[in-house]
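Peer 1: The structure follows.
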Amino acid sequence: MTKNWILAMDLDGTLWNHLNISGVSPPYMRVDDASIKNNDNVIITLYKSALDFMRWAKSNGAIITSLSWNRTDYVNEALSKFGITELFDYHSTDYTPDKDQRLLKLIEKLKLSGIDIPPDRIVYVDDRDIHMEAIRKNIGNIIFINIWKDIKNYDEAKKIVEDNILKLDKQKL
């Protein structure tokens with residue numbers, strides 16, 4: 001059986017194309033399978049490859065959390081309108097930049113329920129690296145995937161997870 005690991009997903013610019021959903025007032029309406037819009041006709045479109053990556057990760061033992069600096073109410077409505085709320089096991093989204101503290105809280109919550117996940121089994125996907133200094137200082141050397149900058153697509157992200165988590169698990173069996 002695959003051992004647990006955490007996939008922490010940023011949202012803006014990572015799961016969807018918009019860079020600041022907190023600036024897009026609800027209500028949101030569905031445009032098509034991959035897009036929503038608000039009353040100002042601001043359209044937010046999901047990256048299908050990000051969804052495929054998340055589904056693949058979940059089928060390979062990932063505990064998936066959002067890790068986003070956004071208004072929680074806006075994010076929750078967007079995820080609901082997209083119909084993808086169930087892809088996430090947890091939400092570590094808040095309107096503060098303290099992603100390291102939110103990730104620490106999730107790690108502690110999991111530990112209290114008997115799931116101990118070390119830093120080398122945490123994968124964080126974001127389109128920006130501005131939170132990494134605090135995360136490395138307070139959590140440790142996690143696997144950071146700087147999507148669109150260090151790698152060009154989610155197939156490359158999958159390869160990183162395979163090489164750094166899944167292949168190691170198979171070698172230990």
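Peer 1: Near Lys149, which aspartates and glutamates are there with a Cα under 20 Å away, not counting those fewer than 8 places off in the same chain?
Peer 2: Asp10, Asp12, Asp52, Asp126, Asp127, Asp129, Glu133, Glu162, Asp163
Peer 1: Under a plain spin-label model, where a point goes 7 Å from the Cα along Cα-to-Cβ, how far apart in nm are Ser22 and Ile160?
Peer 2: About 2.3 nm separates the two model spin labels.
Peer 1: Report the accessible area of Asp89, computed with a 1.4 Å probe over the heavy atoms of all protein chains in place, in Å² rounded to the nearest 10.
Peer 2: 70
Peer 1: Any idea how far apart Trp56 and Asp120 come out in nm if each label point goes 7 Å out from Cα toward Cβ?
Peer 2: Computed distance between label sites Trp56 and Asp120 equals 2.3 nm.
Peer 1: Can you work out D for the stretch 36-162 in µm² s⁻¹ from Stokes-Einstein, where Rh is the Kirkwood radius over C-alpha pairs, the temperature is 4 °C and the viscosity is 1.567 mPa s?
Peer 2: 83
Peer 1: Just read off the accessible area of Ser59 with the full protein assembly in place, 1.4 Å probe, to the nearest 10 Å².
Peer 2: Ser59 has an accessible surface of roughly 90 Å² with all protein chains in place.
Peer 1: While we're here: Restricting to DSSP H runs of at least four residues, report the calculated mean residue ellipticity at 222 nm for the chain, -39500 (n - 2.57) per run over all residues, nearest 500 deg cm²/dmol.
Peer 2: Per the formula, -9500 deg cm²/dmol.
Peer 1: To check you understand DSSP bridge types, tell me what percent of the beta bridges within the chain (both residues inside) are antiparallel, rounded to 5.
Peer 2: Counting only bridges with both partners in the chain, antiparallel ones make up about 30 percent.
Peer 1: Now for a different question. Taking a virtual spin label 7 Å from the Cα of Ala134 along the C-beta vector, which residues in the stretch 76-111 bring their backbone nitrogen under 13 Å of it?
Peer 2: 93-105
Peer 1: Also, quick follow-up: Whenever you get a sec, line up Phe144, Phe88 from highest to lowest accessible area (probe 1.4 Å, protein heavy atoms).
Peer 2: These residues rank, largest area first, as Phe144, Phe88.
Peer 1: Would you tell me the accessible area of Met29, worked out with a 1.4 angstrom probe on the heavy atoms of the protein chains, in Å² to the nearest 10?
Peer 2: Spelled out: Met29, probe radius 1.4 Å, area about 70 Å².
Peer 1: How large is the accessible surface per residue of the chain, computed with a 1.4 Å probe and reported in Å² as a whole number?
Peer 2: About 51 Å² of surface per residue is accessible.
Peer 1: OK, next. Heavy atoms only, probe 1.4 Å: what % of the accessible area of the chain goes to carbon and sulfur, would you let me know?
Peer 2: Here carbon and sulfur together make up 50 percent of the probe-accessible area.
Peer 1: What is the spin-label model distance, in nm, from Lys109 to Ile84 if the labels are put 7 Å beyond Cα along the C-beta direction?
Peer 2: 2.0
The values are calculated or read from the model by the stated rules, or taken from the named source; none is laboratory data. Note that this is a predicted model, so its numbers are computed, not measured. As a convention, Cβ positions derive from the backbone with ideal geometry for all residues, glycine included, and neighbour counts pool all protein chains shown. Side chains included, ligands, DNA and RNA excluded: accessible areas come from the protein's heavy atoms. Shrake-Rupley method; radii C 1.70, N 1.55, O 1.52, S 1.80 Å.
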